[in-house]
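The values are calculated or read from the model by the stated rules, or taken from the named source; none is laboratory data. None of the values given here were measured: they were computed from a predicted structure. Cβ placement follows ideal geometry from the backbone for every residue including glycine, while neighbour counts extend to all protein chains displayed. Heads up: the accessible areas ignore ligands, DNA and RNA and are worked out on the full protein's heavy atoms, side chains in. Shrake-Rupley method; radii C 1.70, N 1.55, O 1.52, S 1.80 Å.
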Amino acid sequence: MAPGASPARPPDTRPAPPSLARSRTRTSRPAPPDTPRAPPGRRRRPSPTTGGNARARPEGGGRAEGRARRQRQRRVSAMVEKEEKDEAGRASAAAAPGAGGPAPRADSAAAISEEEAAQYDRQIRLWGLEAQKRLRASRVLLVGMKGLGAEVAKNLILAGVKALTMLDHQQVSPEDTQAQFLIAGGSLGKNRAEASLERAQDLNPMVDVKADPGNVEQKPEEFFTRFDVVCVTCCSQEVLVKIDQICHKNGIKFFAGDVFGYHGYMFANLGEHEFVEEKTKVAKAGQGVEDGPDAKKAKLDFTETTLVKKCVNFCLLKEALTVDWSGEKAKAALKRTAPDYFLLQVLLRFRTLKGRDPSLQSCSEDAEVLLQMRTDVLASLGVAADLLPDDFASSCCSEVAPVCAVVGGVLGQEVVKALSQRDAPLNNFFFFDGMRGNGMVECLTPN
């Protein structure tokens, strides 16, 4: 040992404490049952479903979705609570001594459940809770379950009406499978309404969907008074006019529609219809702004809107189909009228005489009949036969699925607007030409 150096310390041969021994020794945790071990040299990543140190993912597909779901639930709860308070306030005001006006209907004033508010959250934010409550209290009769009827049924069921009755006495044909998506395979020969019931009910369990295999021509007048809206397709002109008159007499909103090949139409008779329309508030120019572009911008405040109550009157279908075109004003309006209006008259005449619509199986024979009917029908209306081209018959056979989707979307939208009393309705015809890809609204009345 060198001079001045400290003596060397003997090595520590004592065993390490148990805790220290465990911290220095890597232990392996046994794998869960039925879980394959990772190959040597690779670290196994724990599965979120089999355990390990991974946390289970929330059922919404992530924290963001779970947070959005909770926010939506809180918003819906607040919306329902506010609406209940408003309804209670209106009811107490109506029941107060000296208060005038009738009490609100029990079905429309019933509070909407949180489950329904969550189901219809997007459309409630679009047209309001009060409009949705009117929808959920409405009963709709839908006559005819071909391709157009399936589109209308789908739109109304998803919108959330209270009940929908599908009425059709015809059987499923091979032609129905081209545009009718509610009918399952292997349903040939079955009733069209009953074959559409199961898939229609699956769209929205909150809606009471029923099938009626009866014939609409045999239904009494009292049958139609059970509904708030009657929507008729696949019927002759005589039946359409009859049901429209029944609905007009009993204050029921009436709709009609059909698709003939690449052409489709919709008609509405809502009687004397009241609705509210959202308008942007007009504000005065701010102080100190007298002229210039800033003054023009200050006149409209797009952040604030108000609801304006309006009223519109509709005419009967019979009146709309028998317009007199001999007057001077009518001749001037004829230049602006869509040819599809006169095409509809020819196709309704064909349906009345033949008991069916033009078909692809007999397209050439039906085209000759339609050309002859064009001459007779347009002559009876007092217009020239060349208003419809000679080749119009080639585009009027069977139902085309995209045309059913367009016309069914417009028809379903108008039914929702009529029931919810929100926004201006289409008065009174809508025509769609699939060959040109355009639609047109026509207001055709005796005046």
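Summary of computed values
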{"read-out": "Residue check for residue 441: β-branched (Val, Ile, Thr) and in a strand (DSSP E or B)", "value": "yes"}
{"read-out": "Subset of segment 260-275 that is over 21 Å from the mean Cα position of the chain (by Cα) and of a type in the set (Gly, Ala, Ser) - its residue that is surrounded by the most Cβ atoms within 10 Å (Cβ to Cβ)", "value": "261"}
{"read-out": "Qualifying residue in segment 135-149 (condition: among the hydrophobic types (A, V, I, L, M, F, W, C), over 26 Å from residue 240 (Cα atoms), open to solvent by less than 20 Å² (accessible area, probe 1.4 Å) and under 17 Å from the mean Cα position of the chain (by Cα))", "value": "no"}
{"read-out": "Filter pass, residue 196 being open to solvent by less than 20 Å² (accessible area, probe 1.4 Å) and either over 17 Å from residue 146 (Cβ atoms) or free of Cβ contacts under 8 Å to residues at least 24 places away in the same chain (or both)", "value": "no"}
{"read-out": "When residues of segment 345-368 are limited to those that are among the hydroxyl-bearing types (Ser, Thr, Tyr) and part of a helix (DSSP H, G or I), the one surrounded by the fewest Cβ atoms within 10 Å (Cβ to Cβ)", "value": "364"}
{"read-out": "Members of segment 245-259 that are surrounded by 24 or more Cβ atoms within 10 Å (Cβ to Cβ) and touching a residue at least 60 places away in the same chain (Cβ under 8 Å)", "value": "253, 254, 255, 256, 257, 258, 259"}
{"read-out": "Residue in segment 325-339 that is surrounded by 12 or more Cβ atoms within 10 Å (Cβ to Cβ), at pLDDT 95 or above and in contact with a Leu (Cβ under 9 Å, 6 or more places away or on another chain) present", "value": "no"}
{"read-out": "Enumeration of residues in segment 230-244 that are assigned to a loop (DSSP other than H, G, I, E, B) and either surrounded by fewer than 18 Cβ atoms within 10 Å (Cβ to Cβ) or modelled with pLDDT under 95 (or both)", "value": "236"}
{"read-out": "Meets criteria (at pLDDT 85 or above and surrounded by 11 or more Cβ atoms within 10 Å (Cβ to Cβ)) for residue 300", "value": "no"}
{"read-out": "Index of the failed condition, residue 437 passing every other in (1) surrounded by fewer than 18 Cβ atoms within 10 Å (Cβ to Cβ); (2) touching a residue at least 60 places away in the same chain (Cβ under 8 Å); (3) within 26 Å of the chain's Cα centre (by Cα)", "value": "(2)"}
{"read-out": "Residue 306 vs. criteria within 27 Å of residue 443 (Cβ to Cβ), of a type in the set (S, T, N, Q) and assigned to a helix (DSSP H, G or I)", "value": "no"}
{"read-out": "Selected residue (only one of 264, 286, 257 is outside the structural domain of residue 179 (by the TED database) and either modelled with pLDDT under 95 or in contact with a Gly (Cβ under 9 Å, 6 or more places away or on another chain) (or both))", "value": "286"}
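Condition check ((1) surrounded by fewer than 22 Cβ atoms within 10 Å (Cβ to Cβ); (2) at pLDDT 95 or above; (3) of a type in the set (D, E, K, R)) across all residues:
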| position | (1), (2), (3) |
| --- | --- |
| 372 | yes, no, no |
| 382 | yes, no, no |
| 386 | yes, no, yes |
| 389 | yes, no, no |
| 393 | no, no, no |
| 397 | yes, no, no |
| 402 | yes, yes, no |
| 411 | no, yes, no |
| 414 | no, yes, yes |
